Amino acid sequence: MHLVPSLVRRSLRKLMGVDRPLKTVSAVASATYRQRPTDNEDAVGTAECPAHGLRAVVIADGLGSQEHAGLGAQWSVETVTHLIESATRWSAPDMRHLFVQARQRLRERAEVYCAQENLVCDWEQSFGTTLIVAVEDEHSLWLGYVGNGAIWHVRGGFNEFSENQYLPWNALNYLNPHTLQNEHGKEALYRLISTAEDDDAEPTILQIQKDTVHGDLLMICTDGIHSNDQVNVGRTKDSTIWLKMEQPLLRFFEALKELFSRNDPETVTDQRLRAALERYLERLCADGLLDDDSSLGVIITSTALHYQAHRTKR
């Protein structure tokens, strides 16, 4: 038997005991590292294009070693969100176009800004930023990034594990950082959005087919929360290698569980998701678990909400 997508969704809703279609939710949040005197150099944004069924979260992390990096992050996010909201089509080349335009528009705005402020800028060391974009369309999840940070893809049944399974095995980080190790053992970006003529801003782009049963959750974040180039690796006396899972990431999964335990999944909205993310960051700050500005964006697909609603009615 062949069912068209709308009938499939209707059948799943009936099977799961959910009477009305649920809408994908998305939100972003950001926190400033209190011990740094400068302003938060991260930027975050959301975008929707109903005409093409697009919903997106965007984050950027201005490089602390460069001048005006916070503006670079802000302008890059503004460019990407505007392009998504005004999209006349959507495909893989359009994801790359977001990054091409972010870099081009950054240089244009930087030149105007420096002229207006009567500044002499070193274009090789100014306005640099990472950029991560996650976009949902009808059938797929699109991911694009330059720099570091993380992109966690989580199945809708992430909270069906035992208490001693601290990190659900149906969660995976897809962001392979654009970094090298410098002479001091620290990460050094080789791809970023910047005003430098020779900087490489070619994004890595991934497409994920949506999970039509369990649904999908996406979390994108700056390296203040998680990045593979900052994970501590150790070795025991018997040469066993271990990876330290940092508290901000573990706390994120706790926050997700709390979101669905405190709210009926059918009542989860963009606003409630944003409040949960802000509460999560506030707790990290209060417990001294942040050592950098930290930002994240989350998309929870409608199918994941349906699956969670079904769980609560079993």
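The values are calculated or read from the model by the stated rules, or taken from the named source; none is laboratory data. These numbers were taken from a predicted model, which means no experiment stands behind them. Note that each Cβ is placed from the backbone with ideal geometry, even for glycine, and that neighbours are counted across all protein chains shown.
Can you find a residue in the stretch 293-305 that is surrounded by 21 or more Cβ atoms within 10 Å (Cβ to Cβ), closer than 30 Å to D122 by Cα and among the small types (G, A, S)? Yes, some residue in the stretch 293-305 is surrounded by 21 or more Cβ atoms within 10 Å (Cβ to Cβ), closer than 30 Å to D122 by Cα and among the small types (G, A, S).
Condition check ((1) modelled with pLDDT under 95; (2) in a helix (DSSP H, G or I); (3) under 22 Å from the mean Cα position of the chain (by Cα)) across all residues:
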{"residue": "N40", "(1), (2), (3)": "yes, no, yes"}
{"residue": "R55", "(1), (2), (3)": "no, no, yes"}
{"residue": "W75", "(1), (2), (3)": "no, yes, yes"}
{"residue": "A102", "(1), (2), (3)": "no, yes, yes"}
{"residue": "L119", "(1), (2), (3)": "yes, no, no"}
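Residues that are crowded, with 17+ Cβ neighbours inside 10 Å, within 28 Å of L189 (Cβ to Cβ) and of a type outside the set (V, I, T) are absent from the stretch 258-274 altogether. With respect to the conditions (1) under 20 Å from A27 (Cα atoms); (2) under 14 Å from the mean Cα position of the chain (by Cα), G215 lacks only one, and its number is (2).
With respect to the conditions (1) within 22 Å of E117 (Cα to Cα); (2) free of Cβ contacts under 8 Å to residues at least 40 places away in the same chain; (3) among the small types (G, A, S); (4) in contact with a helix residue (DSSP H, G or I) (Cβ under 7 Å, 6 or more places away or on another chain), G70 falls short on a single one, namely (4).
Of the residues making up the stretch 190-201, just one is in a loop (DSSP other than H, G, I, E, B), in contact with a strand residue (DSSP E or B) (Cβ under 9 Å, 6 or more places away or on another chain) and among the charged types (D, E, K, R), namely D199.
L281 meets all of the listed conditions (1) part of a helix (DSSP H, G or I); (2) over 15 Å from G156 (Cβ atoms); (3) at pLDDT below 95; (4) not basic (K, R) but one, namely (3). L290 meets each of the listed conditions (1) modelled with pLDDT under 90; (2) in a helix (DSSP H, G or I); (3) of a type outside the set (D, E, K, R) apart from (2).
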